Each structure stands twice: as C-alpha cells, then as structure tokens.
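Engineer: Provided herewith is a single structure, encoded as structure tokens, for subsequent inquiry.
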Amino acid sequence: MALLPATNSKSKQTCVAQVEVPPEEAEAFFDKDYALTVGGRVYEAKDSTDFTELAPLTVTYHIPAADFTFAPFEDQTTDTQILVEESFYYGAEEYLGVAGEAKQSLFAGFETQPYDDTASDALGFAFELLAPTEVFTPGKVVYQWLTYAKADDFKSNPASVGCVTKVGNPFVAEVQTFNGTRPMSSEGSTVVNRTWDQQNVEDKAPKKDSFEILQDLEWYELYKENDSESVMPCFAKVMYDGKLDATNPIFGVYNVTLGGRVYANDSDTSPMTLPEQSLQIEFTQPESDLSNVYEEKDVPEEKAAEVIYLDDKFRFKALDVWPAHTGDEKFAWLRVRGGYKLYGTSGAEDRWFWNFGLEYPTALVQQGEQLFFWLKYADDALSEDLTGAVACKIETGDNLKTAVSQWTGDVNMHADSADVVGKKWYKQNKLGKMSVPDYYALFYKEDIFTVQESPRTTGGYSVQQCEVEIKLPEGATPDTVTLTMETGVRFYASNDATTFLTTPEKEYDWYNEVMEFSNELKEVAVYEDKQPTKAVEEAFEFDVTNIFGAAIAEFEAAQQAAAEAAAQAEADAQAAADAAADSSDTADANGNMVAGMRSRQEAATYSAS
Amino acid sequence: MEGGFATYEQLVASDYWYFSMSLDMTEGLLGDDGTAVMDFFAQDSTELEALYPDSALVTGAVWSAQAPDLRYEDSDVAWVGTAADGTGAAEHAPAVSASATEGNKKYTCSLAKELSKIGRNPADFEKTFAVKMGARIYDDDSATTFTTIPMSETSYFLDQPPSYATAAEGAYALFVSSLAALAILLMAF
C-alpha cells in the first residue's frame, strides 16, 4: 500500500481489492465479457473535501470459462466411527515463534454405511492444529502428517499421509500419500531443505492408492477457537473397494508417528516444526448396527424416559408455498418437538433431541427432493454457548441421504439471507459452520426418517420427519434458560439446486430447565383428585324478551297446553274413579294443582345470563 | 363465564386451563342438552371480528362451517372440548353452580387447554387477555340463520397455574389463608 518507485523519478500508489469466487459460483463470473471503468480522486488531506479528479479509464476484458468440473456431490450418509482421538500440547513460543499454547490433535476412524450394501467403507484421518491466531497468517502452509505401520508386520513398508492446507484458501488443500521407508520427519533427507510439495516425492504413492480430500470445505478452512486462538483442520480419506470384512488386513494394531510443519509460503524450505509424537492405534471392524453406537441399549426400560419438552406446531396455507397446488388440501403444518432422553443408570449419557416434522399434501411429496429443516436458537445476549443453529436435511424417499449441519454464533438462516440465496443447501452459511456437528441423526430409524401417511382424517396428507440429537455433557447449560427460536423448511429439487421453496419461517420461545431422570417420569398420568382454582366468574345479563319473544310465546303456549292436557287427563281419570267411588274431596284437590301451575306460568319472568 | 385451573399432582399429569361458558336460561326453552363440540379458531390482528354475528364468515353458514379457514382441527391444538362420553374438558373443569333463578337452567359448554408441567414456559402466563364472548342459537345442524345472544366483553388475567397442594401443604395453606383473612379484617377495623 506504500508508495512505490516508478519510472521517470515518479512514484505510484497501488491498491488491491479482491473477492473470493468459490468454484461452485464460477459459472456466474466466468466465461463473460466485462467492461471495467476505473476512476480515482486524490484528496488534499484525510479530512479534506478538496480533491483532484482523475480521468476515468474504461477497459473491456474477457474472463475465460473455468477449466474444471465438479465431482458429483456425495450425499450418502456415512457414519464416522472414531477409533482414536489423541491430542498433544506444546509451547507455541518454542515451536511456532508466537507466545501461547499449541495443540495438535489426531482423530482416526472408519466411515461406513452399513445399511447400503453397495456403499464402500473408508478410512479417515483428521488433523487439527490449534495455535495462537498470529501463527496463521494468510499464505502460510500447514503440513500435518502421520506415518503408520502395522506393529506385527516387519515386511511391509510403512505408509504416510500428508495433509496440506493453505491459510486463507481452502480450495487448494491437498492430501499426499507415501509408501516407503523414507521418514516424514523434518530432519529426513528427503524432507529437509525442500518445499512442502517436493518432500519425499521419491515415495509418493500412485493416485489409486492415495488418500483424498473431502468435498466439505470446512475441513480445510481455518476457524477461530476463541478470541486469541484458531484451528487449522485437515482431513484425509481413503475409500476401500466395498465393505471391510473381518479378515481384511487393515485391522490390527499400528505404530503411528504424528508431526506437523508450518511453511511461510509455497517456496519456503525452512518450516517451523512441531515435535513428533508416537502412539498406537488399533483398527477394528466398523460396527454395522448403528443402534449399538448411538443408543443406550444397556439401560433397562424402567430407567429410561423420553420426555417431550417443547411441542410447537405451525399451520400455513399450502398455496403460499406451492402456488401450483390444485388439491383440496388447503394447509400444511410445520412441527418442532424438542425433548430429553434421560437415563437413570451410571455411565449412560442423557440426550436432547429436535424432531422436525412437515405434514403436507401427499400430492406434493416428490421423491428425491431435498428437505432442509433448520432451527436457530439465541439467548438475549447472543452468548457463544447459547447461540447457534442446527439443520437436518433429508432426501424424500431415501433416509440414507440424511445430513446434519450445525453452526455456532449468530447465523442468519432465513431464506432471504445473502448466505442462503442462490446457494446449494450444503453451501449456505459457511461462516460458523462446524466441520463436525455435535448433533447427529439416527437416520436408520425408518419410522422417523421415511415418509409416513398422516393420520389426519381430512384430505390426503403425508408426514416427513427429520430428527437430530446431541449428547448432553453434564452441566453444559445453565439450570434455566430462555431462548428465541426460529424455524423453517426449504425445498430443493436436487443437490445441485440453488433455488428453493420455503415454508413461512416461525419464531417462538424455548424455555428450558435441565432435567434428570426420575422415577416420576415413568408413572402413568392419572387424572383424579384434581384441584380446581377458579380465577374468574362473570355473568352478563341480557333482556330475553327482545331476543326470545317468539320462542317464549311458543314455549308458554306449549307449557299451557301440556298443563291443560295433563289436568284433563287427570280429571278424566278422576271422573272414572269417582264413578266407582263417590268422593268430592279429591276433585277439589285437582283443581288447586292446575291453578297453581297456571299461576306459576302467569307470574313467570324470564331472565338469562 | 367461569375460568381457572385444574391441577394434578403427578409430574407427568398435565394441568388444565379451563373455561366454562353457560347460558342461564329458562329450563326447556332451549330443549335438552345435547353433545358438545369444541372448535378452535386462530385469528390474527386483522381477523378479530371473524366470529362476530355479523361477520361474513358467519352469516349464511351453518354453525359447523363458520370461518372454515381459521378453524383448526382438534389434533392440532392443545384445547379440548367435552366428548360425548363426558371425557375431555368436563373432566377437568369443575361443575358450574346451579342457576340461582327459579325455573332456569345453565346450558354449559366447557373447554380446557392442556398445560404440560414439563417444559412449561413461565413467559406464557401473567398476561391479560381482552375477552369477547357471545353465543348463537341454531334450530338444528342445517340452519344457516340463528338467534344471537349479545356479545359481552371483559378482560382476563392469565396467572401462573398454582402448584398442586399435597395434603400436608393444603393444611398449611388453609392456615395461612385464615391468617390472611384475619389480617384483612384487622386492617379494616
């Protein structure tokens, strides 16, 4: 930005502005002609209103079409079964030249889809380097690596994986695979004094045997851990040909060496080096029954309670979302239920779940459509722990294509958000999106994740649900909290769609008190011994004669006729009896009764309230 | 109109906020009691008069077809009416007192809203509602004309539902209540 020397003893001032063009948005920018007009003003001083106008210059230029194509989006749900999770701590001053702490973490495990016979298993290594944010200046290259060799195999070469991320540009992340005995250590003869992309080229594995990067940018993008520290993640994955059976040689105990280097740039040959760490990993066959992974199956039924804590249902007009709908069904419903799964045995972890439900006309159910349920929560202070969003995406007709996303912080999830409009469902709201959400979906539960016929008696309706849950760390939330919630559903025709329909988006409150299992929760509700408390009793009097005049006349006539008929019947009966036995006292008594009824009618006043 | 709460002891047993609307009329004038049906209508600020007797959504329609787009199905709301077998709101709302007018009878319709104890939001209470109440009398289910009982207006403060008093708590509450009444008397003198 400083003045630079130019020819003829002149100086020049430069200014650079740049904008990131994500590859998936390249079509909108590339293969187009542009006319660019550049102008400028030179002000006398910072606060001056006097300036010299520079002559504008207009140039035309053409940005060529992008020279890449996208791999198809992998929307098959896979289950990540972590086998190892290790972290190593360092003084950042000593190893990275910046005061503070540093931590390198390694996660290793399998990705599997046990409910799809055609889906292959995968092995993945996830690296994370946490360090003071000053370590991660733009352009630096973070190189995290590991070498693994089977503990009881002394014949095969060790394998190594290098996971490369460039600060500020997740699109150039790269994964390298090596097979050979040359060490990945910074002192290794094929590493020292080499740039990151030249190290160990002698042992580089062929592409078919190599680990690959993921499609999710979050895994290669720096994110803030807190005000002073950031984390650079990186993920390497290798797909196997089919499912791993118990005899696969991959299973066993491995000796692993983990390390990391931070290069100043692509041409740097003297990186800052993290100390190497040794650990052992045992690879075991992935669990094929996911209920064993996600559910507390060892808890006896009497010690487990599922408690609905919040249940809000929002009705909206079907035509407001689907203007072309011609069916008789006028409405659709968005339902949000939240609740606890509580356990009364030690070791079992309580859960919180969100169940999203959409009840809509069956005629509008489209197989293959992507339904994106989202929910945002925030406390008044927008505090870090209590502000965020979670989304559950499901493909109609295929519960194996369920995806969970989670954001931290104040994220605008609304359909008109600039980070949502024009983006695919999985590309929206990059900021704050967690690479690994804490929420997960039990997508194998077909009674929840497949379309069900609605029990509604009117019209033809179907229900599509999507449900996420999270394990509750003890004491993670305050005892009581009130959060403002927002919820909506977006409908994408496919994974490539960047336009969508949306339900009306609703706002409501969530008041939460932390619950624990108690035997009370297992009781059956009995509605006896109620305690009524009358809060109001009011009577409003009105004049009935104007309102019920005709009815009263009819009523009185009917009353009189009935009375007369009864009296006549009584008299006839009495007369018959008199014929049998002469008794004058009885006739007097009958006459009094009839008179009394008449009197009562004649004296009647009608009041109502 | 009577309204209040019916509370129950168990955590898993919901409490209920009830209303009993009665028409205190000459017995026989309206015929016998029949079945009760509860309809729930959701109205926004532009639709507050939708159920008034002169509303276009009411006039010319049988009682069951009033404001159809505003009416919710029973399964979509927490309010319940009284079913033909007597279950529902009538179970929770206390019986209304008999008419104080000789020859009159109260024609009563009760409705109640379920208030789950678990997840109850205190912010849903301590609110004052403006209440409009009216009634229409139709000769039968197919009648599209009706006799209108004039509308009445009042306000209703929805307090926090009281806690269920167990036997021991009830005795204590009674004692405290007596003391309070005595205190008021003392102050009055």
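Engineer: Only residues that are on the phi < 0 side of the Ramachandran plot and open to solvent by 10 Å² or more (accessible area, probe 1.4 Å): list them for region A:379-394, please.
Structural biologist: Listed by number, the residues that qualify are A:ASP379, A:ASP380, A:ALA381, A:SER383, A:GLU384, A:ASP385, A:LEU386.
Engineer: Which residues, counting only those in region A:300-329, are without any contact (Cβ under 8 Å) to a residue 40 or more places away in the chain and surrounded by fewer than 17 Cβ atoms within 10 Å (Cβ to Cβ)?
Structural biologist: Just the residues of region A:300-329 that are without any contact (Cβ under 8 Å) to a residue 40 or more places away in the chain, to begin with: A:301, A:306, A:308, A:311, A:313, A:315, A:317, A:319, A:323-326.
Correct list: A:GLU301, A:GLU306, A:ILE308, A:ASP311, A:LYS317, A:LEU319, A:PRO323, A:ALA324, A:THR326.
Engineer: A follow-up question, please. Just to be sure, is A:ALA550 among the small types (Gly, Ala, Ser) and within 7 Å of chain B (Cβ to nearest Cβ)?
Structural biologist: So A:ALA550 fails the test.
Engineer: How about region A:212-327: which strands (runs of 3 or more DSSP E) wholly inside it have at least 3 residues that are closer than 30 Å to A:ILE470 by Cβ?
Structural biologist: Numbers: elements: A:229-239, A:252-263, A:272-283, A:304-317.
It comes to A:229-239, A:272-283, A:304-317.
Engineer: Let me ask something additional. Any chance region B:125-144 includes a residue that's in a loop (DSSP other than H, G, I, E, B), in contact with a helix residue (DSSP H, G or I) (Cβ under 9 Å, 6 or more places away or on another chain) and either at the interface with another protein chain (Cβ under 8 Å from one of its Cβ atoms) or closer than 28 Å to A:PHE314 by Cα (or both)?
Structural biologist: no
Engineer: State which residue is surrounded by the fewest Cβ atoms within 10 Å (Cβ to Cβ) when the search covers only region B:71-105 and only residues that are assigned to a loop (DSSP other than H, G, I, E, B) and more than 10 Å from chain A (Cβ to nearest Cβ).
Structural biologist: Residues of region B:71-105 assigned to a loop (DSSP other than H, G, I, E, B): B:73, B:77-78, B:81, B:83-87, B:93-103.
Filter once more, so that each one left must be more than 10 Å from chain A (Cβ to nearest Cβ): B:81, B:83-86, B:98.
Working: B:GLY81: 18, B:ALA83: 15, B:ALA84: 10, B:ASP85: 8, B:GLY86: 10, B:ALA98: 10.
So, considering only residues that are assigned to a loop (DSSP other than H, G, I, E, B) and more than 10 Å from chain A (Cβ to nearest Cβ), the one surrounded by the fewest Cβ atoms within 10 Å (Cβ to Cβ) is B:ASP85.
Engineer: So, one more: State which residue pairs qualify: first residue small (Gly, Ala, Ser) and inside region A:363-390, second residue assigned to a loop (DSSP other than H, G, I, E, B) in any location, beta carbons under 6 Å apart, and separation of 6 or more residues or different chains.
Structural biologist: A:ALA363/A:GLY327; A:ALA378/A:THR387; A:ALA389/A:VAL411; A:ALA389/A:MET413
Engineer: Evaluate the following for B:THR46: is it surrounded by fewer than 17 Cβ atoms within 10 Å (Cβ to Cβ), part of a loop (DSSP other than H, G, I, E, B) and over 14 Å from the mean Cα position of the chain (by Cα)?
Structural biologist: On the way: surrounded by fewer than 17 Cβ atoms within 10 Å (Cβ to Cβ): yes; part of a loop (DSSP other than H, G, I, E, B): yes; over 14 Å from the mean Cα position of the chain (by Cα): yes.
In short, yes.
Engineer: Right, something else. Residue check: is B:MET25 within 12 Å of another protein chain (Cβ to nearest Cβ), in a strand (DSSP E or B) and open to solvent by 30 Å² or more (accessible area, probe 1.4 Å)? Even if it seems obvious, please write down each step before you answer.
Structural biologist: Details: within 12 Å of another protein chain (Cβ to nearest Cβ): yes; in a strand (DSSP E or B): yes; open to solvent by 30 Å² or more (accessible area, probe 1.4 Å): no.
Here the answer is no, as B:MET25 does not meet what is asked.
Engineer: Out of everything in region A:553-569 that is at the interface with chain B (Cβ under 9 Å from one of its Cβ atoms) and surrounded by 13 or more Cβ atoms within 10 Å (Cβ to Cβ), what residue ends up being modelled with the highest pLDDT?
Structural biologist: Applying the filter and picking the extreme gives A:GLN559.
Engineer: In this structure, is B:LEU30 more than 14 Å from chain A (Cβ to nearest Cβ), modelled with pLDDT under 95 and either touching a Phe, Trp or Tyr at 6+ places or on another chain (Cβ under 6 Å) or open to solvent by 40 Å² or more (accessible area, probe 1.4 Å) (or both)?
Structural biologist: Numbers: more than 14 Å from chain A (Cβ to nearest Cβ): no; modelled with pLDDT under 95: yes; either touching a Phe, Trp or Tyr at 6+ places or on another chain (Cβ under 6 Å) or open to solvent by 40 Å² or more (accessible area, probe 1.4 Å) (or both): yes.
Spelling it out, it is not the case that B:LEU30 is more than 14 Å from chain A (Cβ to nearest Cβ), modelled with pLDDT under 95 and either touching a Phe, Trp or Tyr at 6+ places or on another chain (Cβ under 6 Å) or open to solvent by 40 Å² or more (accessible area, probe 1.4 Å) (or both).
Engineer: When both residues are 6+ apart or on different chains and their Cβ atoms are under 7 Å apart, which pairs have a first residue that lies in region B:73-85 and is touching a residue at least 40 places away in the same chain (Cβ under 8 Å), and a second that is in a loop (DSSP other than H, G, I, E, B)?
Structural biologist: Between residues of region B:73-85 that are touching a residue at least 40 places away in the same chain (Cβ under 8 Å) and residues that are in a loop (DSSP other than H, G, I, E, B), the close pairs are B:TRP79/B:MET38; B:VAL80/B:MET38; B:GLY81/B:ALA36; B:GLY81/B:VAL37; B:GLY81/B:MET38; B:THR82/B:ALA36; B:ALA84/B:THR35.
Engineer: For the list (1) open to solvent by less than 50 Å² (accessible area, probe 1.4 Å); (2) in contact with an Asp or Glu (Cβ under 6 Å, 6 or more places away or on another chain), I need the number of the one condition that A:MET434 fails.
Structural biologist: (2)
Engineer: Something else about it: Out of the residues in region A:519-532 that are facing chain B (nearest Cβ under 7 Å) and loosely packed, with under 15 Cβ neighbours inside 10 Å, which is farthest from B:ALA95 (Cα to Cα)?
Structural biologist: At the first step, the residues of region A:519-532 found to be facing chain B (nearest Cβ under 7 Å) are A:520-521, A:523, A:525-527, A:529-532.
Checking the rest, the ones that are also loosely packed, with under 15 Cβ neighbours inside 10 Å come to A:520, A:523, A:525-527, A:529.
On the way: A:GLU520: 30, A:GLU523: 28, A:ALA525: 22, A:VAL526: 19, A:TYR527: 16, A:ASP529: 14 Å.
Per the stated criteria, the residue is A:GLU520.
The values are calculated or read from the model by the stated rules, or taken from the named source; none is laboratory data. Computed from a prediction, not measured in an experiment: that's the story for all the values here. Methodologically, a virtual Cβ is constructed for each residue, glycine included, from the backbone with ideal geometry; neighbour enumeration extends over all protein chains shown. The area values use the complete protein model at the heavy-atom level, side chains included, leaving out ligands, DNA and RNA. Shrake-Rupley method; radii C 1.70, N 1.55, O 1.52, S 1.80 Å.
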